[in-house]
Each structure stands twice: as C-alpha cells, then as structure tokens.
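To start, the structure itself, in structure tokens.
The values are calculated or read from the model by the stated rules, or taken from the named source; none is laboratory data. Remember, it's a predicted structure, so these values are computed and weren't measured experimentally. In this analysis, Cβ positions are derived from the backbone assuming ideal geometry, glycine residues included, and neighbour counts consider all displayed protein chains. SASA here: full protein model, heavy atoms, side chains in, ligands and nucleic acids out. Shrake-Rupley method; radii C 1.70, N 1.55, O 1.52, S 1.80 Å.
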Amino acid sequence: MPHHVVALALPGVVAFDLSTVAQVFGHPAEEEYTFAVSTPGGDDVMTSSGFSIGTVHDLDALAHADTIIIPGYRPYPRPHESTLKVLRDAHQRGTRVASVCTGAFALAATGLLDGLTATTHWQDAMELQRLYPDITVQPDVLYVDHGQVATSAGVAAGIDLCLHLARRDFGERAATRIARRMVVPPHRAGGQAQYIEPAAAPTTHGFAELAAWIVDHLDQSLTVADLARQAHLSERQLARRFVAEMGQTPLQWILHQRVLAARHLLENSHLPVDVIAQRTGLGTASTLRRHLRREINVTPTNYRRTFRAD
C-alpha cells in the first residue's frame with residue numbers, strides 16, 4: 001500500500017517549499033507514495049509570491065495521512081487552534097509530522113517540538129527560539145529527524161529532508177531514483193551546515209575531491225592524518241575546515257559513509273553481512289549491526305529483507 005503524504009499549505013505558503021514536497025512525493029509514475037494538498041477550510045490559499053493555489057482538500061485530509069508536511073509560510077503567525085488540534089491528533093495517532101523552512105513555526109505552535117532540537121531557515125532561527133524557548137533551535141544544520149517529528153532548514157534543505165524520509169520509508173534505491181529524477185544529490189547528511197562561512201569557501205572544491213577519494217577507499221583504515229595528506233593540509237586545518245564545510249568531524253562523516261555503503265550493498269548484493277562489513281571498513285558484522293541499529297534502528301537482516309531489490 002502506498003504511503004500517503006499530505007502537505008498542509010497555510011496562508012502565505014512558500015511556493016518553492018510546497019512544490020519541493022510535491023516533486024518528491026507526488027510523481028504520478030511512482031508507486032511508493034500518494035500525495036495531496038490540504039488548506040484550512042479547503043479554501044484557495046495565497047502564496048508568499050502573490051499567486052494563489054486552488055483545487056485543495058480541507059483539514060479532513062490530514063486524518064488519512066501517513067505523513068503530514070508543513071511547507072514554509074510568510075509571515076508566520078500562529079495557526080488557528082483548530083488547525084493545531086488536527087496536527088496534534090494526527091501525531092497522537094502515529095502520523096509522522098514534518099516541516100520545511102518556516103513551517104517549523106506552525107509545528108512548534110502544536111507543542112510537538114517541546115523538549116526537542118529543531119531547525120528552520122537560519123535567518124529565522126533566532127525568532128523561532130525566542131517564541132518557543134522550550135525548543136533547542138539548531139540554526140546551522142540541514143534537517144533534524146526525531147522519527148515521528150522532523151524539521152528542515154530552508155529552500156534546498158527541504159529536498160534533503162524529503163529524500164531522507166523517502167530513504168527511511170523505502171530504502172536507498174528508491175530515494176536515489178527520486179533524486180536522479182529531480183537532478184539533485186541523493187543524500188546530504190542532516191548535520192551538514194546550511195551555509196558556508198566565507199573563510200571556508202576556498203576549500204569547497206578540494207573537499208569534493210577528498211570526499212570522492214574517501215568513498216573510494218572506505219575498505220581501508222582512514223585517519224585524520226591520511227585525509228590531511230590527501231588534501232595537502234595540516235591535520236588541524238583539515239579538522240577545522242572539514243567541520244565548517246561538511247557539518248561533521250572527518251571521522252563522523254567517514255562512519256556515516258560506511259553505513260550508507262553497507263546499506264547499498266545490503267540492498268543490491270547477496271554478500272554475507274561480515275563481507276559487507278569488511279568491504280565498507282566497518283570491520284565485523286557486529287560493528288555493522290551496531291551502527292545500522294543506531295542510525296535507523298533495524299538489523300542488517302531486517303533491512304535486507306525489507307529493501308532488497310529482488
């Protein structure tokens with residue numbers, strides 16, 4: 001059965017954010033998802049760009065959603081209590097609720113983010129923190145996923161979150177296929193920085209080459225010293241600039257790439273788990289099992305059973 005996604009378009013919805021969700025989840029030729037747009041009252045809604053969107057459903061559509069996504073909207077007043085109640089009730093039933101960009105303000109108003117970390121567009125992060133002090137706002141990440149509730153930063157980060165959700169739902173193969181159709185990178189880690197400080201910008205191309213080199217050598221033991229030599233930097237420079245650009249330490253990023261590579265082999269090969277662990281640099285089957293469970297809370301056997309292509 002397809003996973004049903006409903007985008008809740010609030011007055012002032014950012015057209016790009018809404019179209020991002022529709023592009024990922026609403027393609028008619030793909031069978032994983034069905035998609036609909038809902039507005040309060042089922043009325044046409046004006047976008048932040050000045051044109052309106054019609055042919056939408058009312059809030060009753062949210063009762064049938066497996067995932068509700070709130071695109072950004074401007075300005076971002078607190079939604080009517082009836083809208084917030086529908087979101088809370090859906091979450092209580094087990095529906096996944098996520099936001100893109102300033103949609104986090106509506107999600108925050110439900111109270112579902114209280115006590116959690118969240119993100120939004122970096123330009124609006126201070127205001128989100130001021131209005132909702134019970135949330136820990138992270139202004140420098142692409143997205144934050146807590147399982148049943150998730151938030152993303154602005155513009156292209158919404159694509160990253162949606163592809164991340166698709167990867168969670170249907171595996172690496174489906175997410176990569178959707179990304180290829182959209183002509184976007186198939187995966188950017190949520191901890192990656194929203195934007196790069198000017199001082200770090202000159203290393204962008206060098207780290208692209210370094211990242212490709214790392215992925216080609218995952219079966220080897222890689223240290224910061226190895227990476228520094230490859231990038232022609234000191235270890236201290238490498239560590240500092242890598243975090244600024246990639247949003248993670250070098251060793252954290254390498255570990256994440258190893259797990260991604262292991263997931264790819266679980267989906268696309270018949271290799272035993274211990275061989276996959278060796279080929280991806282994770283060493284042993286127990287190490288692979290531990291890291292896969294930490295990232296997506298499944299065992300290698302269950303992941304392969306769920307997502308293997310044949």
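Yes/no per residue for (1) within 16 Å of A108 (Cα to Cα); (2) touching a Gly at 6+ places or on another chain (Cβ under 9 Å); (3) hydroxyl-bearing (S, T, Y):
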{"site": "A29", "(1), (2), (3)": "no, no, no"}
{"site": "Y33", "(1), (2), (3)": "no, yes, yes"}
{"site": "T47", "(1), (2), (3)": "no, yes, yes"}
{"site": "D58", "(1), (2), (3)": "no, yes, no"}
{"site": "Y76", "(1), (2), (3)": "yes, yes, yes"}
{"site": "E81", "(1), (2), (3)": "yes, no, no"}
{"site": "D89", "(1), (2), (3)": "yes, no, no"}
Quick one: is L163 out of contact with any Phe, Trp or Tyr (no Cβ under 8 Å at 6 or more places or on another chain), more than 26 Å from H27 (Cβ to Cβ) and among the aliphatic types (A, V, I, L, M)?
no
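Tally the residues that are touching a Phe, Trp or Tyr at 6+ places or on another chain (Cβ under 7 Å) and open to solvent by 30 Å² or more (accessible area, probe 1.4 Å), restricting the search to region 33-47.
Result for region 33-47: 1.
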Flag if T117 is in contact with a strand residue (DSSP E or B) (Cβ under 7 Å, 6 or more places away or on another chain) and surrounded by fewer than 19 Cβ atoms within 10 Å (Cβ to Cβ)
yes
Can you name every residue in region 141-158 that is in a loop (DSSP other than H, G, I, E, B), open to solvent by 10 Å² or more (accessible area, probe 1.4 Å) and not small (G, A, S)?
V141, H146, Q148, V155
If I filter region 266-281 for residues that are at pLDDT 90 or above and either touching a strand residue (DSSP E or B) at 6+ places or on another chain (Cβ under 8 Å) or within 30 Å of D140 (Cβ to Cβ) (or both), do I get at least one hit?
yes
Look at region 279-306 and say how many of its residues are in contact (Cβ under 8 Å) with a residue 12 or more places away in the chain and either part of a loop (DSSP other than H, G, I, E, B) or farther than 18 Å from G147 by Cβ (or both).
10
So in region 96-112, with the set limited to residues that are outside any loop (DSSP other than H, G, I, E, B) and either in contact with a Ser or Thr (Cβ under 6 Å, 6 or more places away or on another chain) or in contact (Cβ under 8 Å) with a residue 60 or more places away in the chain (or both), which one is most open to solvent (accessible area, probe 1.4 Å)?
R96
Checked Q257, Q248, Q220, Q252 against criteria (open to solvent by less than 70 Å² (accessible area, probe 1.4 Å) and more than 20 Å from A174 (Cα to Cα)); the one match is Q248
Would you pick out the residues in region 113-140 that are part of a loop (DSSP other than H, G, I, E, B) and more than 15 Å from S152 (Cα to Cα)?
D114, G115, Y132, P133, D134
Pairs needed: first member in region 158-184, over 23 Å from R305 (Cα atoms); second member anywhere, among the polar types (S, T, N, Q) and modelled with pLDDT of 90 or more; C-beta distance under 6 Å; at least 6 residues apart or different chains.
G158/T20; G158/S152; I159/T20; L161/S152; M182/Q23
Residue pairs qualifying under the 6 Å Cβ cut-off, at least six apart or on distinct chains, with the first in region 242-268 being over 21 Å from Q220 (Cα atoms) and the second being aliphatic (A, V, I, L, M), are A244/A200; E245/I196; E245/A200; G247/A193
Residues located in region 12-29, provided they are part of a loop (DSSP other than H, G, I, E, B) and either surrounded by 17 or more Cβ atoms within 10 Å (Cβ to Cβ) or within 18 Å of the chain's Cα centre (by Cα) (or both):
G12, V14, G26
